1. Determine the relative contact order of region 178-335: mean sequence separation of Cα pairs under 8 Å and six or more apart, normalised by residue count, in whole percent.
2. Could you work out how much longer the chain between Gln172 and Ala349 gets when fully extended? Use 0.36 nm per residue separation minus the Cα distance between them, nm to one decimal.
3. Rounded, prolate or oblate for region 142-229? Axes are the square roots of the Cα gyration tensor eigenvalues, ordered a ≥ b ≥ c, and the cut-off for rounded is a/c under 1.5.
4. Given R₀ = 30 Å, FRET efficiency for Met1-Lys30 by Cβ-Cβ distance, to 0.05?
5. Roughly how many debye, to the nearest 20, is the charge dipole of region 3-252 about its Cα centre, given +1 on each Lys and Arg Cβ, -1 on each Asp and Glu Cβ, and no other charges?
6. Hey, what did the chain get for relative contact order, percent, Cα under 8 Å, at least 6 apart?
7. Quick check: from the Cα gyration tensor, does region 3-252 come out rounded (a/c under 1.5), prolate or oblate?
8. Compute the orientation-averaged projected area for region 1-110 from the convex hull of its Cα atoms and round it to one decimal in nm².
Amino acid sequence: MTSQKVREQFLNFFKSKEHKIVQSAPMVMKNDPTLMFANAGMNQFKEFFLGNSKAKSKRVTDTQKCLRVSGKHNDLEEVGKDTYHHTMFEMLGNWSFGDYFKKEAIHWAWELLTEVYGIDKNSLYVSVFEGSDDADNLKMDQEAFDLWKGIVPADRIIMGDKKDNFWEMGDQGPCGPCSEIHVDIRSKEEKAKISGASLVNQDHPLVVEIWNLVFMQYNRKANGSLEDLPNKHIDTGMGFERLCMVLQDVKSNYDTDVFTPLIREIETITGADYGKDQEIDIAVRVIADHVRAVAFSIADGQLPSNTGAGYVIRRILRRAIRYGFTFLDTKKPFIYRLVKVLGESMGQAFPELKQQYQLIENVIKEEEASFLSTLEQGLILLDSVIKSAKTKTIDGSKAFELYDTFGFPIDLTSLILEERGYELDVDGFEKALKAQKDRSRAASETSKEDWTVLTEDAEQEFIGYDSLEATVKLVKYRKV
Ligand code: ATP
Ligand code: MG
Ligand code: MG
Ligand code: MG
């Protein structure tokens, strides 16, 4: 089943259950001071759950573009190393705003997975909230347990603690227990070798969580206590790429048609041979993953920049560029060439990618050229720092020099050090960064003319885009 079909069937299934199909909200959040990027399908419906506004439709479904690279959900370090955490991914979801509750949510999830998608029932596990003996003193979610017991054998129902099976939006507000659905994608032969308790192994890398059904039934008050919500809500989220992996009968999200066109193109451009060498494979996966995050952000109007969300995007792109440079020997811009392939496979579901294809390509290409021009020298410096280091901790002021002169984001320096068995003195870096900010603040009090738009003959140093509008590209330069 193609990924396009997987997405369509999800939405159509819930449409047949009287849900309204809505658009993904932008991945880049412009109106929420608490969140830079959408990290779950429910973000755009927050106000309904909080009771601040009323939903027009009580049942909705969509696929939401998510990015998990900062804050509570930060999966960046996993990406590429494992085969099922991405920076940018799609979260399929269905919602009930004060309408249906656990019974329908559980039955429909099961019906969709086993009858519509035809997933083998014997490969599925579910989890139920076990209760807590802390201040909340919550009982186990008996209602969900009983509902599941009518569907799956009791030994496939796993009890989970607060960390995995109780969802809260924040310190206050709607919250409740959840049930997760996991798929065991180990081969028959592999399963035959194991038995009993070890069969139910949620920590195994081939037993993958695909869907989370959240039952919002409490409200956490300002004093920390819980009260029953007058209206109970359903909020579900299923990882689209993981679902495609299961349905396309492969063991890695990167072997689905969501990623293979990108991987083939990386192979063609760089000559890399995916699937033969672990370091190369990680690099290929990182690049295939990161180009999606960057392209979708630019399509949503967020260009790489030196601050806020723009800097997050710049960091992701620079990380991908360095993986290419070090492991695939790419010395020239090439990531921008993947945008076309991405547009071909995702453009139908997300037209914004196709509409802004040229801009996305140009921005990525310039960003690559700019970083590549200093990357090699930076790596040479870092190498000499490592060679002369007397301990396994590297001085933060060196990381600052790399950041300031060579454009190395701090997490990139940390990553490279980690690869070489060293760690970074992060406090030292922060101190140097603060000292620089203080200096430039003092300087700007005397000189207000720090910024200027490019003129023909002035000597310039390119320092990045400074525009929030994807359609307006304003390139800023600093006098040097
Ligand atoms: P995990 O335990 O695998 O990190 P999670 O519990 O953090 O997942 P949820 O917040 O419950 O994930 O999100 C709902 C669904 O979104 C998950 O069941 C999973 O299928 C998918 N998902 C979560 N994080 C990622 C990611 N980084 N990349 C791809 N899919 C993801
Ligand atoms: Mg997670
Ligand atoms: Mg989880
Ligand atoms: Mg989960």
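Nothing in this text is a laboratory measurement; each read-out follows from the coordinates by a stated rule. All figures in this text were calculated on a predicted structure; none of them were measured in a lab. Using ideal geometry, Cβ is built from the backbone for each residue, glycine included, and neighbour counts are taken over all protein chains shown.
1. Values: 171 pairs, mean separation 22.5, N = 158.
Over region 178-335, the number comes to 14 percent.
2. Numbers: separation 177, 0.36 × 177 = 63.72 nm, distance 3.50 nm.
Extra length from Gln172 to Ala349 when fully extended: 60.2 nm.
3. Working: a/c = 3.34, a/b = 2.30, b/c = 1.45.
Verdict is prolate for region 142-229.
4. Details: r = 35 Å, r/R0 = 1.17.
Working from the Cβ atoms, E equals 0.30.
5. On the way: 32 positive and 38 negative charges, 160 e Å.
Value, rounded to 20: 780 debye.
6. Details: 772 pairs, mean separation 55.9, N = 480.
Over the chain, the number comes to 12 percent.
7. rounded
8. On the way: hull surface 32.6 nm².
If you wrap the Cα atoms of region 1-110 in a convex hull and average its projections, you get 8.1 nm².
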